[in-house]
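> Can you read through this structure? Questions will come right after.
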Ligand code: ADP
Ligand code: ADP
């Protein structure tokens, strides 16, 4: 059984007499441990889809099966538990707590779950063991994003959702950050979904889902994901 099965998922937004269809009849499957990239231009509906997969929003219709359970039917309380226990998030901007050190930022996240990863081991995994005592302002953009990755994977999520994770970084730093995400996925058996508008980044996915104008345009199986570095 696939870890994620999205079936005919549709999300409409209604404001006054104006209706926007952000996702229209979206279907795809993801196996456990896969890295999936969702590629499409601005406004295509990528963030809407990611929000639904992360339990931050509900579809208007359709099913979103995670490990066989339809989270589209979850109550707000069930969604909160799902977000806390099962999902790690990485955004374009790092959203670190400024008055906590790198280590404390990661620690804070690991306290949420009972089966958290070891904080120091997680910092080593992202290559930041020697930066643990630094505050975010003392770190480069790439290092801050690596703290954010450590924070996301410290709670040992089954699913890691990344929305334009290198959008604020230069090319070389972005590559290193993607490498850390890829290594993290391979070493922890997380399922990873990366939203990007960048075709080069999309090639790191085991599947590339092309989204345009709210719909899946094509799903490309990618047996040889491009190594990042
Ligand atoms: P992308 O992430 O690919 O840039 P989005 O999922 O953010 O695309 O947006 C898809 C469409 O849905 C856009 O037309 C956007 O304006 C609309 N949309 C997204 N969120 C909302 C919302 N909360 N209310 C109304 N319209 C929305
Ligand atoms: P855009 O024009 O969409 O901003 P850029 O080429 O400037 O795209 O790159 C945006 C981000 O994507 C950068 O952070 C960069 O690190 C990353 N990136 C671009 N191309 C690649 C690639 N081939 N491999 C890995 N990362 C890439």
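Read-outs: derived from the displayed coordinates by stated rules, not from any lab. Keep in mind the model is a prediction, meaning the values are calculated, not measured. Cβ placement follows ideal geometry from the backbone for every residue including glycine, while neighbour counts extend to all protein chains displayed.
> Highest first, please rank the peptides 107-116, 24-33, 204-213 by the mean number of other Cβ atoms sitting within 10 Å of their residues.
In decreasing order of mean packing, 107-116, 24-33, 204-213 become 204-213, 24-33, 107-116.
> Can you order the peptides 142-151, 36-45, 1-10 by their average number of other Cβ atoms within 10 Å per residue, highest first?
142-151, 36-45, 1-10
> Between the helical axis of 76-86 and the dominant principal axis of the chain, each derived from Cα atoms, what acute angle in degrees is found, rounded to the nearest 10?
Taking Cα atoms only, the helix is inclined about 50 degrees.
> Hey, another quick one. When a/c is below 1.5 the answer is rounded, else prolate if a/b is larger than b/c, else oblate, so apply that to segment 94-136 with a ≥ b ≥ c taken from the square roots of the Cα gyration tensor eigenvalues.
oblate
> Taking a ≥ b ≥ c as the square roots of the Cα gyration tensor eigenvalues, with a/c under 1.5 meaning rounded and otherwise prolate when a/b beats b/c, else oblate, which class fits segment 173-229?
Judged from the Cα gyration tensor, segment 173-229 comes out prolate (a/c at least 1.5, a/b above b/c).
> Once every DSSP H run of n ≥ 4 in the chain is given -39500 (n - 2.57) and the sum is divided by its residues, what mean residue ellipticity at 222 nm do you get, rounded to the nearest 500 deg cm²/dmol?
-9000 deg cm²/dmol
> Now for a separate question. Based on the Cβ-Cβ distance of residue 118 and residue 92, what FRET efficiency does E = 1/(1 + (r/R0)^6) give at R0 = 25 Å, to the nearest 0.05?
0.35
> With each pseudo-label sitting 7 Å past Cα toward Cβ, what's the residue 76-residue 32 distance in nm, one decimal?
Roughly 3.3 nm, to one decimal.
> Also, I was wondering about something else. Show log10 I(q)/I(0) for segment 104-229 at q = 0.16 Å⁻¹, two decimals, from a solvent-free Debye sum over equal Cα scatterers.
Scattering profile of segment 104-229, log10 relative to I(0): -0.80.
> A further question on this structure: Sticking with the crude label model, points 7 Å out along Cα→Cβ, report the distance from residue 212 to residue 135 in nm, one decimal please.
Here the answer is 4.8 nm between the modelled labels.
> Now for a separate question. Taking square-rooted eigenvalues a ≥ b ≥ c of the alpha carbon gyration tensor, is the chain rounded, prolate or oblate, where a/c under 1.5 means rounded and, failing that, a/b exceeding b/c means prolate?
prolate
> Over the Cα atoms of segment 27-153, what Rg and Dmax result, in angstrom?
16.4, 48
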